[in-house]
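Working notes for the structure below.
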Amino acid sequence: MKKLLIISKEQFGYHIDTFKYAFYLKEELEITYICLDQGLKKKNIENVEVIYVSKNIFKPFTLFTLLRTVILENKKNKFDFIFILYFVGCSILKILDRKSNIILDIRTLSVEKSNFINRFLDKILKLETLFFENITLVGENIAKKIGLRKYQLLPLGGERFSSKSKQITGFNLLYVGTLSNRNILDFVKGFHSFLMSLPLNNRKDVSFVIVGSGYGNELESIKKYIYTNGLAEHITTTGYVQNDELGMYFNKANIGVSFIPITPYFENQPPTKTYEYLLSGLVVLATSTKENAKLINESNGVLIKDTPESVRSGLVRLYAEREKFNPKMISKEFEDHLWENISQNILKPYLEKIHHK
């Protein structure tokens, strides 16, 4: 059995893509996963060895320890493939080891609030790609942005959290994801405006569940707005929920909310939750970023701007047209993006290809 090493600064189980690769390839590859210990609840997958590297308050020392651990483990195990989820400084591994099959995987460009920092970090990323022969990318827009020509597309995926038949009568919205830098309060304000536009008798069937948290005071601001405006009967916040506990929320929903600010640093960011809404048969209300615009059409949702006014008009349209959508067809259309299919039909053949070079 061939050996695969996955390297990430994210703790095992908290970067969904690499976690799913490990889960769906564990029967065919001997998988080791080296990551930083971020102090989060530890997760396990049978037959996957996880090696945790302790963080140090001095970041360069943490990087040194991570790289040293990888080098020692590779020397001991002689991995057939080394799959690196990009982080600043990862090219040092390739510089030190020119013989191993090392794959650089890029899931995102920099999404800091400062455009200067984003440009700077993206230039570092571009420079580091020069050291790698094998590169996988989540989307073509990233390749265009950093001027990369040779790469393997390894698209974003999702799980089908619900296969339950969706009820058309209710109008039940669901947002799952981070609240940081997403301006979800703007969506809440648009939802509030839409709710007030409905006849009183129709409002009882309208709900909005927000699953997630942020590193600022976003959740508190949303809760305050809900309380101040008497919206507790219609809007619920849950805080962070583990990925394997999301099914109950998807089962109750029929509208998925993919509200991503339309900014330069989010334009090329493929939206994980958009895929998961669609795979679960939810109609999607999504901001019209470049990546969302590739997925959402007349048969599966509505595109909007990132303003409360556009949220309101999008909801008005969805509410009026809600009976025209076919949840089963929506779910079936995106089956290629199930994590199992991406792992088995794209990543696995790619690994076999570079092994035989």
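The values are calculated or read from the model by the stated rules, or taken from the named source; none is laboratory data. Predicted model only: the values in this text are computed from it and were never measured. Cβ placement follows ideal geometry from the backbone for every residue including glycine, while neighbour counts extend to all protein chains displayed.
Tabulated results
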item: Any pair with Cβ under 7 angstrom, 6 or more apart, that starts in region 265-280 at a residue that is touching a residue at least 60 places away in the same chain (Cβ under 8 Å) and ends at one that is surrounded by 21 or more Cβ atoms within 10 Å (Cβ to Cβ) and of a type in the set (Phe, Trp, Tyr); result: TYR275/PHE334; GLU276/PHE161; LEU278/PHE334; LEU279/PHE334; SER280/PHE161; SER280/PHE250
item: Flag if LYS223 is over 22 Å from TYR14 (Cα atoms), assigned by TED's automatic domain parsing to the domain that holds PRO327 and of a type in the set (D, E, K, R); result: yes
item: Tally, over region 297-329, of residues that are more than 19 Å from PHE208 (Cβ to Cβ) and either surrounded by 22 or more Cβ atoms within 10 Å (Cβ to Cβ) or touching a Phe, Trp or Tyr at 6+ places or on another chain (Cβ under 6 Å) (or both); result: 1
item: Close pairs (6 angstrom Cβ cut-off, 6 or more residues apart or separate chains): more than 20 Å from GLY157 (Cα to Cα) in region 101-112, crowded, with 24+ Cβ neighbours inside 10 Å anywhere; result: ILE102/ILE82
item: Single unsatisfied condition, ASN101 versus (1) closer than 22 Å to HIS355 by Cβ; (2) modelled with pLDDT under 95; (3) among the polar types (S, T, N, Q); result: (2)
item: Filter result for LYS55 (in the same structural domain as LYS144 (by TED's automatic domain parsing), farther than 22 Å from GLY158 by Cβ and at pLDDT 95 or above); result: no
item: Those residues of region 20-50 which are polar (S, T, N, Q) and outside any loop (DSSP other than H, G, I, E, B), in sequence order; result: THR32
item: In region 52-93, the residues that are surrounded by fewer than 16 Cβ atoms within 10 Å (Cβ to Cβ), of a type in the set (Ser, Thr, Tyr) and under 23 Å from VAL138 (Cβ atoms); result: none
item: Residue list for region 24-41, filter: modelled with pLDDT of 95 or more and among the charged types (D, E, K, R); result: LYS26, GLU27, GLU28, GLU30, ASP37
item: Residue identified as among the small types (Gly, Ala, Ser) and not in a loop (DSSP other than H, G, I, E, B) among GLY230, GLY256; result: GLY256
item: Residue match in region 27-42 (condition: within 23 Å of PHE120 (Cβ to Cβ) and surrounded by 15 or more Cβ atoms within 10 Å (Cβ to Cβ)); result: yes
item: Failed item in (1) of a type outside the set (Phe, Trp, Tyr); (2) over 24 Å from the mean Cα position of the chain (by Cα); (3) in a loop (DSSP other than H, G, I, E, B), with ILE95 passing the rest; result: (3)
item: Where LEU351 falls short, out of the listed (1) assigned by TED's automatic domain parsing to the domain that holds SER258; (2) in contact with a strand residue (DSSP E or B) (Cβ under 8 Å, 6 or more places away or on another chain); (3) in a helix (DSSP H, G or I); result: (1)
item: Counted residues, region 213-223 - those being assigned to a helix (DSSP H, G or I) and either within 17 Å of LEU246 (Cα to Cα) or of a type in the set (Lys, Arg) (or both); result: 1
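Every residue, every condition in (1) under 25 Å from VAL283 (Cβ atoms); (2) more than 27 Å from the chain's Cα centre (by Cα); (3) among the charged types (D, E, K, R), yes or no:
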| site | (1), (2), (3) |
| --- | --- |
| MET196 | yes, yes, no |
| ASN201 | yes, yes, no |
| ASP205 | yes, yes, yes |
| PHE208 | yes, no, no |
| SER221 | no, no, no |
| LYS224 | no, yes, yes |
| TYR227 | no, yes, no |
| LEU231 | yes, yes, no |
| THR237 | yes, no, no |
